[in-house]
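Student: So that we are looking at the same thing, I have put the structure below in structure tokens.
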Amino acid sequence: AVDFYTVSINNISRVEVTKVPTPDSPADSLGGAVNMISKSAFENSRREFRYRAYVSMNNEDRDVFGRTPGPGDKPTYKVLPGFDFNYIVPASSTFGLVINGLSSNQFNEQHRSAPTWRFVGAGASVTAPYLRNYTLQDGPKRVERESLSVKADWKPAPGHVISATGTIT
């Protein structure tokens, strides 16, 4: 299982999916594999700076400037800002840097429901159960993510790259 809350997606250049084992893959990936390839300084021939600024909004709470109750003890904003950037610097043909940053804030209402079915007693059967209980639970949450990473790529020989990465999340 992979928890994508810990993956900073702005560090990823592409995703490779193999549905069957290939000769170069380890034997423990019989059902295929998903490989996330990190950005490299050698993907670009010149410097590149990309950025995005956005807001995250839930369809139930669209008041941009208003605070409403929860989650927690005090009213909070539900429409939240975010941004990310990528700076790729191929300093030479053998050395380059990749700098990525991210600030993502999201609010999610999280309505959970749980029906309880009765299969025996009071005329109920496996083929004709009745609904005994229905629970609706409100569990709003706010997820805040910040990430900054710096990656240095060095090409000591053609076809070989040595990378060093530092990430703060």
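Student: If you stretched the chain out fully between Gln106 and Arg118, how much longer would it get, using 0.36 nm times the residue separation minus the C-alpha to C-alpha distance?
Tutor: Working: separation 12, 0.36 × 12 = 4.32 nm, distance 3.79 nm.
In short, 0.5 nm is gained.
Student: What is the distance in Å between the Cα centroid of region 117-149 and that of region 1-67?
Tutor: 31 Å
Student: Along the charge dipole of the chain, Cβ charges K/R +1 and D/E -1, which of Ala124, Tyr54, Ser103 sits furthest on the positive end?
Tutor: Comparing the listed Cα positions along the dipole, Tyr54 ranks first.
Student: I want to check a number: in the chain, how many lysine pairs have alpha carbons closer than 15 Å, given a sequence separation of 8 or more or different chains? Display every interim value, and only then the final one.
Tutor: Details: Lys39/Lys151; Lys39/Lys155; Lys74/Lys141; Lys78/Lys141.
Lysine pairs, 8 or more places apart or on different chains, close enough: 4.
Student: Next question. Charges only on Cβ, +1 for Lys and Arg, -1 for Asp and Glu: so what's the dipole of the chain about the Cα centre, in debye to the nearest 20? Please list the in-between numbers first.
Tutor: Numbers: 19 positive and 16 negative charges, 43 e Å.
With only Lys, Arg, Asp and Glu charged at Cβ, the dipole is about 200 debye.
Student: Moving to a separate point now. Ranked from the most accessible area to the least, with a 1.4 Å probe and all protein chains present, what is the order of Ile162, Ile168, Ile99? Mind dumping the intermediate values first?
Tutor: Numbers: Ile162 95, Ile168 115, Ile99 45 Å².
My answer, sorted largest first, is Ile168, Ile162, Ile99.
Student: Another question, then. I need the peptides 147-154, 86-93, 108-115 ranked by packing, meaning the mean over residues of other C-beta atoms within 10 angstrom, with the highest value on top. Each step should come with its number before you reach the end.
Tutor: Numbers: 147-154: 17.8, 86-93: 15.4, 108-115: 11.1.
Packing order, densest peptide first, comes out as 147-154, 86-93, 108-115.
Student: Just for the Cα atoms in the chain, what are the lengths along the principal axes, largest first, rounded to whole Å?
Tutor: That gives 78, 51, 21 Å along the principal axes, largest extent first.
Student: Would you mind getting me the FRET efficiency between Leu97 and Val20? Use the beta-carbon distance for r and R0 = 22 Å, nearest 0.05. Working shown, then result.
Tutor: Numbers: r = 36 Å, r/R0 = 1.66.
So, using R0 = 22 Å, E works out to roughly 0.05.
Student: Using 0.36 nm times the number of residues separating Phe83 and Phe4, minus their current alpha carbon distance, what extension gain do you get?
Tutor: Between Phe83 and Phe4, full extension yields 26.6 nm more.
Student: Separate question: I need the shape label for region 43-102. Rule: rounded when a/c is under 1.5, else prolate if a/b > b/c, else oblate, with a, b, c from the alpha carbon gyration tensor.
Tutor: Numbers: a/c = 5.99, a/b = 3.67, b/c = 1.63.
Cα axes put region 43-102 in the prolate bin.
The values are calculated or read from the model by the stated rules, or taken from the named source; none is laboratory data. Since the model is a prediction, treat every value here as computed from it, not as a measurement. Heads up, the Cβs are rebuilt from the backbone with ideal geometry, glycines too, and the neighbour counts pull from every protein chain shown. Heavy atoms of the whole protein, side chains included, go into the accessibility calculation; ligands, DNA and RNA do not. Shrake-Rupley method; radii C 1.70, N 1.55, O 1.52, S 1.80 Å.
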